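Working notes for the structure below.
Values in this text are rule-based calculations from the coordinates and carry no lab data. Predicted model only: the values in this text are computed from it and were never measured. In this analysis, Cβ positions are derived from the backbone assuming ideal geometry, glycine residues included, and neighbour counts consider all displayed protein chains.
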Amino acid sequence: HVENPQGKFRVISTKPMPGTKWIETLVSVGCRVEICQAAKTILTEDDIEELIGNRCDGVIGQLTENWGERLFSALARAGGKAYSNMAVGYNNVDVEAATRHGISVGNTPGVLTETTAELAAALTMATARRVVEADDFMRAGKYEGWLPSLFVGNLLKGQTVGIIGAGRIGSAYARMMVEGFKMNLIYYDLYQSTRLERYITAYGHFLESQGEKPVTWKRAATPDEVLKEADVISLHPVLDKTTYHLINAQRLATMKKAAILINASRGPVVDEVALVEHLKANPQFRAGLDVFEDEPYMKPGLKDLPNAVVVPHIASASKWTREGMAMLAASNVAFRLKGCPVWSNPNA
Ligand code: DGY
């Protein structure tokens, strides 16, 4: 599908994206916009190289694509100046390779913060209160009447929520759990972000001014401290060498028996095989997962475990957010083609 065929710059989007504003933005700066309509969900490097062809000024790509040396050199040969990932995470992008080839990289932070945090909160409630198990039970016609012990789960109020990775999304999730459920907080942030500390201090003053009991909070010195002390742990770090398999068998063993682990960051932050074993051995332990090590696959055994809630990487999937991500991704490319720095640029 091609918009504005006469446009001066050739820009490709490897997938159709929601809304039309992103197309209008690119057209307004003189782009011919080509939207790949391939039926397959995941494009290979061969597919993308073919799309780039001999002449391409910019590309909007997806987190399912491997943007490394091969594609950036193809894009540079075709005269490309900009690549934008329609995602905040860019672990699928070799930013150094892009920089070597003079290509600016963009991503889409900010617009997906609240939506992603809300999904992490939804997974927390679904796992704590066994919503999916109970739904399956009803649909299977097994409900015979109210029982004192039917689907007893965990109360969140007054328990401790632990955050690993207290950036934009981790902090938004923490706010939801602290304000919404009056949970106490412990958090660890590799980059020593003070975002959450500033918020929680102000919130504590607010509660005090209302005559309410303040929640307790603590900045942990290590992720291990969070894992040992929290009842609910939500993972929000970026995926890199230091966070690969951050949650492994040893660390799972240090967590509380009835803890809840939420992952809406990147699958490989958790050793999924170890998690499956842990869930099997500890029926009271629960996991809420939006992401998986080898998407679109789940590790064997996971789908049969009632103490796991699994959804297909939908944390940013609200209409407003997805349109915002498309718009940001397009703006990144448009800015660069007009000679400005891209809006959000990991290789600035
Ligand atoms: C991201 O943006 O990195 C998410 O995983 C998809 O929204």
Of the candidates Phe335, Met298, Ile314, the farthest towards the positive dipole end of region 278-348 (Lys/Arg Cβ +1, Asp/Glu Cβ -1, centred on the Cα centre) is Phe335
In degrees, nearest 10, the alpha-carbon axis of helix 319-337 is tilted away from the dominant principal axis of the alpha carbons of the chain by 40
Here the percent of antiparallel bridges among DSSP beta bridges lying wholly in the chain, to the nearest 5, is 5
Answer in debye to the nearest 20: the dipole magnitude of region 246-348 about its Cα centre, from +1 Lys/Arg and -1 Asp/Glu charges placed on Cβ, is 300
1/(1 + (r/R0)^6) with r = Cβ-Cβ of Ala134 and Ala281, R0 = 30 Å, i.e. FRET efficiency to nearest 0.05, evaluates to 0.85
Per the charge dipole of the chain (beta-carbon charges, Lys/Arg positive, Asp/Glu negative, Cα centre), the residue among Ile260, Gly30, Leu275 reaching farthest to the positive end is Gly30
Restricting to Cα pairs under 8 Å and 6 or more apart, the percent relative contact order of the chain works out to 20
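For an R0 of 51 angstrom, estimate the FRET efficiency from the Cβ-Cβ distance between Lys142 and Gln250 and round to the nearest 0.05.
0.85
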Looking only at lysines whose Cα falls under 16 Å of Lys157's and that sit 8 or more positions away or on another chain, we get Lys182, Lys213
Diffusion coefficient in µm²/s returned for the chain by Stokes-Einstein, Kirkwood Rh over C-alpha pairs, 10 °C and 1.306 mPa s, is 73
For the table Lys228/Lys257; Lys8/Lys338; Lys228/Lys303; Lys81/Lys338, the rows whose alpha-carbon distance is greater than 19 Å are Lys228/Lys303
Interchain or sequence-distant (5+) residues whose placed amide H lies within less than 5 Å of the amide H of Ser84 are Val59, Ile60, Gly61, Gly106
If one compares the long axis through the Cα atoms of helix 113-128 with the longest principal axis of the Cα atoms of the chain, the angle in degrees, nearest 10, works out at 30
Label model pair Thr201, Glu96: point-to-point distance (7 angstrom along the Cα→beta-carbon line) in nm is 3.7
On the formula 1/(1 + (r/R0)^6), with r taken between the Cβ atoms of Asn54 and Glu295 and R0 of 25 Å, the FRET efficiency rounded to 0.05 is 0.20
Rounded to two decimals, the Rg over Rh value of region 70-214 from Cα coordinates and the Kirkwood Rh reads 1.16
Computed curve, region 113-310, Cα-only Debye sum without solvent term, log₁₀ I(q)/I(0) at 0.17, 0.18 Å⁻¹, is -1.11, -1.23
Relative to the chain, whose Cα atoms define the longest principal axis, helix 195-209 and its Cα axis are tilted in degrees, nearest 10, by 40
Toy charge model, Lys and Arg Cβ at +1, Asp and Glu Cβ at -1: region 138-294 dipole around Cα centroid in debye, rounded to 20, equals 300
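Gain in length, Leu150 to Glu208, computed as 0.36 nm per residue apart minus the alpha-carbon separation, to one decimal in nm?
My answer for the length gained is 17.1 nm.
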Out of Arg219, Arg139, Arg322, a Gaussian network model of the chain with alpha-carbon springs under 10 Å gives the largest mean-square fluctuation to Arg139
Using alpha carbon centers only, region 221-259 is separated from region 1-67 by a whole-angstrom value of 38
One can check that the equivalent ellipsoid of region 24-101, built from the alpha-carbon gyration tensor with semi-axes equal to the square roots of five times its eigenvalues, has lengths in Å, largest first, of 18, 16, 14
Quick calc, the chain, dipole around Cα centre from Cβ unit charges on Lys, Arg (+) and Asp, Glu (-), nearest 20 debye, gives 600
Rounded to one decimal in Å, the inverse mean reciprocal Cα-Cα distance for region 193-348, i.e. its Kirkwood radius, is 18.4
Out of Ala120, Leu156, Tyr188 - ranked by how far each Cα lies towards the positive end of the dipole of region 113-310, with unit charges on the beta-carbon of charged residues - the top one is Leu156
Any GluC sites (Glu not before Pro) in region 188-241 that lie in a DSSP loop and have at most 16 other Cβ atoms within 10 Å would be Glu212
